[in-house]
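Down below is the structure, laid out as structure tokens.
A short reminder: the numbers here are calculations on the coordinates, not readings from a lab. Since this is a predicted model, take the numbers as computed values, not measurements. Because the Cβ atoms are built from the backbone with ideal geometry, glycine has one as well, and the counts that use them run over all protein chains shown.
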Amino acid sequence: MTGSSGSAAEPGLHRPGFARHAASVADVEPNTVLVKFKRKATASARKAAASKFGAVDETSGDVVEVKGDLPARDLLKKAKADPTVELASLNYRRQVAAVPNDPYFASSQAAYLNTVRVPQAWDVSKSTGNQIVAVLDTGIDAGHPDLAGHLVAGYNAVSTTRPNPVDDNGHGTMVAGIVAAGTNNGAGVAGVGWSSKVMPVKVAGSNGIANDLDLVEGIDWAVAHGATVLNISIANPGDNPVLHDAVKRAVAKGVIVVAAAGNDGSDVAQYPAAYPEVIAVGATTASGVLTDFSSYGDWVDLAAPGWDIVTTGARNLSQSPYWLCSGTSCAAPIVAGVAALVKNKWPGFTPAQLEARLKAYARDAGPRGADPYFGAGMLDAYAALGGRWAADFPMGSIDLNDSPERAIPLSSSITTTISTEGETDWYEVVSSAARNLSVSLTGPEFNGDKYALNFGPRIDLYDGNLKSLVSAVTPYPATDPATGGPKWGPLTASTKVSAPAGSTFIAVRNANGSRDTRPYTLTVEDTDTGSTKPGIDYPVRDVSPPDLASGQGLDTRPSVTFARDVVASSVNATTVRLRNGKTGATIGATVAYDAENRLAVLTPSAALLDNTPYRISVDGVQEADGTALEPFTSVFSTLDAAPPKLTFDASGAYLAAALTWKVPALPDLDQIVVRRNSGSQVPAPTTGTLVYSGTAAAYKNTGLAQGVTYTYAAWAKDRGGKLSPVAVSQLLGMRTTISASAASLNYGGTLTLRGSTVRIDNKAYAGLPVNLYVRPKNSSTFKLLAALKTTSTGTVSYAYKPLTSSVFMMTFPGNGDLMGTRSVDLTVQVAPTISATLAPTSIRLGQAAKFSGYVAPAHYGKPVYLQQYVNRAWKSIASVKLSTSGAYAFGIKPATRGQLVYRVWFPADADHAQAFTPNRILTVG
């Protein structure tokens, strides 16, 4: 890669040395302790207490550093005894967890960012909003062009004379670039947070070492100045309650704390990562395999790539502005950047909720379930932000010599591999009489500059009862006297042992817990002298299923065979447990113990879940002599069975179907898939119309057509892509018709409404509910008029006296077998009834007659018109408004003789059709 200018002549990636596998020894400031006074302690009381210990150098809130002439541990005793002191601790110094290494950069960022699905996560969110990631480290090169616009004001806790957090080591700039280097800016590298803001807080000097006073001060300052995520790529042994208190204060204020697990390559707890409030991050390769330097233990929460990470570098320390970074220091900021993205999407998340989400959506790697190497698994940024899951990382193959019972017989030598994190290979040497043996274990080339995975040989020897005889492990790396750097090459652990007659068991392990595809060689031969140096006895001769085994049946009854006689009463459901390998929850089971065979068998109270990790745990069992048996755990996982057939049902409605199913209790459920066909053919998983895919328990399928049969098929799909047997539900198409005995009638008349609801192939069903609805012609709202039941021929009828012109329709709502249906709208006109009286019916010219009557129903104020038939047409000659009773009256005084024809006309309105009186004839003489 080149610098931001893109010049081909610019120097390549910078690669300073990498201090891996440093000894797990706590480093403290000499003659110094940290003291946190109680809040109620007055200033004078604090001053008096401090004078007992020495001079106060610096303060950080209520925390002060006290120096004296006494050794630090003696000072600590005095401080803890003082009544004004709430907490006191040694002032530990912690080494940054990684610096760049590896001579070449052979892959792009995509190789490792895709491992944790960061590019996919960017499709969900490219914003960390107002989240600020504080990088507590060696400072940051604030002028680096790839960090321009991504830094907020920072702080220097190391020096009071130089307030700017200038990076004089390079480590902090690397960490900051992983989180917040400019993304999509056409230059340099892409930061995980895309558009993150980083707060540089310098807590470590040019040597990469931070003491706890500066670290506490930096934590407090960052929290007080708006940081929402803290990245601490600094680690070392030494549990400091003052440091822990600062972490707890930060978390109590809603701040997420992410820390590197350390590069010790051992199970020695590293702080602050090991504090329960902190998200502790281990390091892997781009393919998701644990690196040999990554510290491990039950306190590790997540893993992320930490090998050959390309990032920004401090330009004042190298000509190259971009460096290669390897170590847990480089893994932690990947998690911190994703934490900022998730926190921005769900601002209300507490630190515990955010950590739980990251862990719940992590991808399993290494031994199945939660383990001390990957914690909950590999970070999955995309899933954490709401995207679809990805398959778990494959576990390395196992060779089934995982216990003494399945030990491989050995007479001279064997060559094989450690293929899974934490795996133990067992071998058995049988001697007819006591003899002295020389045992050596030689691994492949150990070279931290070339390989992320290296073999650190460790052998443990036991007698036939698995009592410890001797152990041997080779420290690494060795120092090359010529260069002062690490001396790489094959490592050998060897020992001589006085082996008793019978069996001698040899356990082979990689001391750093990682796997290595390159083979080791174990050699056994007779020797002149031997000795023993007993260590920890091995507790178990056999375990079933075998450790790390997969594909176990759901009816599995796990068992443990103890190495020696134990107190039978101490073997019970409290001391021998089966646990869920992911959650740690205890699985209900009874424990039966066969003392003669030293066999404890667990019978689960319910069938095991498929594709689920389980952990057999032994803790609290007593040996026959009353000593405690060493705790023991073993993991196995069940077979990935196809999901069971769904309990699935479709219920018909009008132009819709209600789909319901019972979501199976699958630990690896991906989704429920529902498809449909128009007609009776059952859809296949890839045919028909996709109706639903997700994890809900119900769905309403709308937008369907009337008079169509629909066939639905449903499957449960697991994360391995396996489908359950198909569950089918069919809804038959129906049709409903409506008719009336008349298209119109007069007010007060009776109308007979008839309907038919049958299947589209004319099959009738008796007793189907059919609802008759009506609405006034001038309204858009239907009201239920009658709830009817079909006859054996599928028909219904109903007599009704409509008061106004009305629209009718019938519906069948559908049921578990039939689609809903609706008739067309049927309009029936209702005309008012108008009476008419003409008196007298015969008059002389010049006289008058009266045309009167009533309109029912009354239409007060509504005009009616008197019409005369003239020249073969009706002509309105007068109008009056109806009275409150609906009465009307017209006076007629003709101007001509003859027979004159009259009628009264009621014009149609919104409620009624027009109506006419009968014709009346007036004779004028």
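So if I take the centroid of the Cα atoms in the range 270-302 and the same for the range 466-482, what is the distance between those two points in Å?
24
Quick check: the angle from helix 171-180's long axis to the longest principal axis of the chain, C-alpha only, nearest 10 degrees?
On a 0 to 90 degree scale, this one is about 10.
How long is the range 536-587 along each principal axis, judged by its Cα atoms, biggest number first, in Å?
For the range 536-587, the Cα extents along the three principal axes come out at 31, 23, 20 Å.
When a footprinting reagent is the concern and you count Cβ atoms within 10 Å, what order do Arg117, Arg735 take, fewest first?
Least to most surrounded, the residues fall as Arg735, Arg117.
Taking the Cα centre as origin and putting +1 on Lys and Arg beta-carbons and -1 on Asp and Glu beta-carbons, what dipole magnitude results for the chain, to the nearest 20 debye?
That gives a dipole near 8100 debye.
Which order do peptides 836-844, 805-813, 375-383, 849-857 fall in by mean Cβ count within 10 Å, highest first?
Final packing ranking: 375-383, 805-813, 849-857, 836-844.
State the Cα centre-to-centre distance between the range 606-637 and the range 197-261 in whole Å.
37
What ranking do 445-452, 631-638 get when scored by the average of other Cβ atoms within 10 Å per residue, highest first?
631-638, 445-452
Report the Cα-based extents of the range 404-526 along its three principal axes, largest first, to the nearest Å.
Cα spread of the range 404-526 along its principal axes, largest to smallest: 48, 30, 22 Å.
Working from the alpha-carbon coordinates of the chain, get Rg over Rh, Rh being the Kirkwood radius.
1.25
Give me P(r) over the range 240-343, computed from all C-alpha to C-alpha distances, binned every 10 Å, as integer percentages.
Going from the shortest bin to the longest, the percentages are 16, 41, 31, 11, 0.
Using the Cα atoms as the points, what is the convex hull volume per residue of the range 96-384 in Å³?
Enclosed volume per residue, from the Cα hull, is 107 Å³.
Roughly what would the spin-label model give for Asn31 and Thr350, points 7 Å off Cα along C-beta, in nm?
4.5
Got the relative contact order for the chain handy, in percent, Cα pairs under 8 Å and 6 or more residues apart?
7
Give Lys47/Lys202; Lys202/Lys359; Lys763/Lys783; Lys38/Lys202; Lys777/Lys893; Lys345/Lys582 a once-over and call out the pairs whose C-alpha atoms are over 31 Å from each other.
In this structure, Lys777/Lys893 lie more than 31 Å apart at Cα.
With a cut-off of 8 Å between alpha carbons and a minimum separation of six or more residues, what is the relative contact order of the range 648-731 in percent?
37
What is the antiparallel percent of DSSP beta bridges lying wholly in the chain, to the nearest 5?
Here the share of antiparallel DSSP bridges comes out near 85 percent.
For the range 845-891, what is the relative contact order in percent, using Cα pairs closer than 8 Å and at least 6 residues apart in sequence?
Reported relative contact order: 48 percent.
How big is D for the range 540-638, in µm² s⁻¹ as a whole number, if Stokes-Einstein is applied with the Kirkwood radius of its Cα pairs at 37 °C and 0.692 mPa s?
In µm²/s, the coefficient rounds to 246.
Please give every one of the aspartates and glutamates within straight-line cross-link reach of Lys722, meaning a C-alpha to C-alpha distance under 18 Å, and leave out same-chain neighbours fewer than 8 residues apart.
Leaving aside aspartates and glutamates fewer than 8 places away in the same chain, those within reach of Lys722 are Asp392, Asp610, Asp640, Asp668, Asp670.
Please give the residues of the range 480-503, grouped as numeric ranges, whose backbone N is less than 18 Å from a label point set 7 Å along the Cα-to-Cβ vector of Asp528.
Within reach of a label on Asp528: 495-499.
Go through Thr521, Pro481, Thr492 and say which Cα lies farthest out towards the positive end of the charge dipole of the range 404-526; charges sit on Cβ, +1 for Lys and Arg, -1 for Asp and Glu.
Pro481
Could you please rank Ile234, Ile587, placing first whichever residue has the fewest other Cβ atoms within 10 Å of its Cβ?
With the fewest neighbours first, Ile234, Ile587 line up as Ile587, Ile234.
By per-residue mean of other Cβ atoms within 10 Å, what is the highest-first order of 29-38, 301-310?
301-310, 29-38
How large is ³J(HN,Hα) for each residue in the range 218-234, as worked out from phi by the Karplus curve 6.51 cos²θ - 1.76 cosθ + 1.60 (θ = phi - 60°), to whole Hz, x for Gly and Pro?
3J(HN,Hα) across the range 218-234, in whole Hz: x, 4, 4, 5, 4, 5, 5, 10, x, 5, 10, 9, 10, 10, 10, 8, 9.
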